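Structure first, commentary second.
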Protein chains: 2
Amino acid sequence: MKLAHIGIAVNDLDAALKDYESLGFRQHQRGFVEEQKVEVISMEVGESSIELIRPTAEGAVSKFLASKGEGIHHLAIKVDDIEKALVGAKAKGLRLIDERPRLGFGGNRIAFVHPSGMHGVLVELVEEPK
Amino acid sequence: MKLAHIGIAVNDLDAALKDYESLGFRQHQRGFVEEQKVEVISMEVGESSIELIRPTAEGAVSKFLASKGEGIHHLAIKVDDIEKALVGAKAKGLRLIDERPRLGFGGNRIAFVHPSGMHGVLVELVEEPK
């Protein structure tokens, strides 16, 4: 089990990048994720990364910003077998947002677990392409 | 630069651990941090860890729970030289909670950067003992 990334919802990517650079972070990649209606800057931190996320249209991230303001939006965990992880989580009573994996950034297969069962944390499961 | 840990504020450590175990996390350590008035369960995730944090008395974490409910409380980053990191952050206009490092868990030297400059994220800098 490894941490894939931590997603931080922000209003302005350039302003956020500048502030994170002040602490020593550096941009690794920048791109649009059409399916989730966001633009993302990823900054590598050891084997994980921090992602600054800006909504490009109405969606989950724009709603988060409107209700809670800027801050950590989700935590993404790398798993080897996402179907197995989802079946296991459901069997143990966790509430799933995605019962089946969907396509994420860079060919990843992803699924979200509802924050209600994770003590307020939106958890994304990520299976990277083999 | 590496991710030290992600701190999640919870009301009940045993209940939270049970739910995180459902996703495959395992307890690594459990203990009290008197200075911060919390009890912590750490779960290793690759080179980082996730910490479940329960307040044992009135303090920053109990206030967070009262105002925001359970969820991610802070993000901790390992740095080689915490004085240098603090001087650099201040010079670049970031607001510091701790101008000087203080003693954290396990002999770590720690300092917090205010979330106002980090787009809603409370960032802890951690210098581990040499």
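In table form, for the structure just shown:
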read-out	value
Teacher prompt: B:G46 distances to equivalent labels in other copies, 7 Å Cα→Cβ, nm	1.0
Rg to Rh, two decimals, where region A:1-74 supplies the alpha carbon set and Rh follows Kirkwood	0.95
Residues of region B:61-86 with amide N under 16 Å of a point placed 7 Å along Cα→Cβ from B:Q29	B:76-79
Vicinal HN-Hα couplings computed from phi for region B:61-77 (Karplus, 6.51 cos²θ - 1.76 cosθ + 1.60; Hz; Gly/Pro x)	6, 5, 5, 4, 4, 5, 8, 10, x, 5, x, 5, 9, 7, 10, 10, 10
Summed residue charge, Cβ within 13 Å of A:A16's Cβ, Lys/Arg positive, Asp/Glu negative	-4
Beta bridges by DSSP in chain A, antiparallel share as percent, to the nearest 5	75
Cα→Cβ-extended label distance, 7 Å offset, between A:R95 and B:S67, nm	2.6
Two-decimal ratio, region A:79-130, of alpha-carbon radius of gyration to 2.2 N^0.38 Å	1.07
³J(HN,Hα), Karplus 6.51/-1.76/1.60, whole Hz, each residue of region B:119-126, x for Gly, Pro	6, x, 10, 6, 10, 9, 9, 10
The protein assembly as shown: projected area of the alpha-carbon convex hull, averaged over directions, in nm²	13.0
Shortest-first nm distances, A:D12 label point to equivalent points in other copies (7 Å, Cα→Cβ)	4.4
Other copies of B:S116: label-to-label distances in nm, shortest first, labels 7 Å along the beta-carbon direction	3.7
Mean Cα-pair separation over length for chain A, i.e. relative contact order, pairs under 8 Å, 6 or more apart, %	24
Euclidean distance between Cα centres, region A:73-103 to region B:1-40, Å	20
Residue range of chain A that is longest and free of GluC sites (Glu not before Pro) which are both DSSP loop and sparsely packed (at most 12 other C-beta within 10 Å)	A:1-57
Contact surface B-A: accessible area buried, both sides summed, square angstrom, 1.4 angstrom probe	3100
Amide H contacts of B:V38 (H built 1.01 Å from N, under 5 Å, at least 5 apart or other chain)	B:V33, B:T56
Relative contact order, percent, region B:79-130 [alpha-carbon distance under 8 Å, six or more residues apart]	34
Helical contribution to [θ] at 222 nm, DSSP H n ≥ 4, -39,500 (n - 2.57), averaged over chain B, rounded to 500	-6000 deg cm²/dmol
Karplus (6.51, -1.76, 1.60) ³J(HN,Hα), θ = phi - 60°, over region B:46-55, in Hz, Gly and Pro reported as x	x, 7, 10, 8, 10, 10, 8, 10, 10, x
Value of D in µm² per second that Stokes-Einstein yields for region B:4-130, Kirkwood Rh from Cα pairs, at 10 °C (1.306 mPa s)	105
Cα-centre dipole for chain B with unit charges at Cβ (Lys and Arg positive, Asp and Glu negative), debye to 20	420
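The values are calculated or read from the model by the stated rules, or taken from the named source; none is laboratory data. Quick caveat, the model's predicted, so the values are computed rather than measured. Cβ coordinates were reconstructed from backbone atoms using ideal geometry, including for glycine residues, and neighbour counts include every protein chain displayed. Ligands, DNA and RNA are excluded from the accessible area calculation, which covers all protein heavy atoms including side chains. Shrake-Rupley method; radii C 1.70, N 1.55, O 1.52, S 1.80 Å.
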